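Contents: one structure, followed by commentary.
Throughout, read-outs are computed from the coordinates displayed, never taken from laboratory work. Model, not experiment: these values are computed from the prediction. A quick note on method: Cβ atoms are made from the backbone with ideal geometry, for glycine too, and the neighbour counts reach across all protein chains shown.
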Amino acid sequence: MLNEIYSQLYMRTATGRWTTLEELNESLESQGLERKEAEDVMSFLKEYFIELDESREKAKLNPWFFKLFEISSP
């Protein structure tokens, strides 16, 4: 499940685009998570792997993600 989310975020981040939080929530829910479970996963992602834009409505992978998984940052 998280691999799909990370892939989605990586593809967007690599092209300089942001992913909306609504899109991320829809992805989580489409994988069978209930709303509360999706919110918990989003909290985890926000804490460790994503950064939010100024409006706090869009996200992209943060630099720590790339360092942790030893992936070149786009």
* Structure fact -> Distance in nm between Y48 and F69 label points, each 7 Å along Cα→Cβ, equals 1.2
* Give me the number: length gained by fully extending E22 to S55, i.e. 0.36 nm times residue separation minus the C-alpha to C-alpha distance, one decimal in nm. => 10.6 nm
* Quick one: Karplus J couplings for the range 12-24, per residue in order, coefficients 6.51, -1.76, 1.60, θ = phi - 60°, nearest Hz, x for Gly and Pro? -> 5, 5, 4, 9, x, 9, 9, 10, 6, 5, 4, 4, 5
* Structure fact -> For the chain, the longest principal axis of the Cα atoms and the Cα long axis of helix 35-48 enclose an angle in degrees, to the nearest 10, of 20
* 10 Å Cβ shell holding at most 11 others, DSSP loop, trypsin sites (Lys or Arg not before Pro): longest site-free stretch of the chain -> 18-55
* How many nm separate the modelled label positions at K36 and A14, each set 7 Å beyond the Cα in the direction of the Cβ? -> 3.7
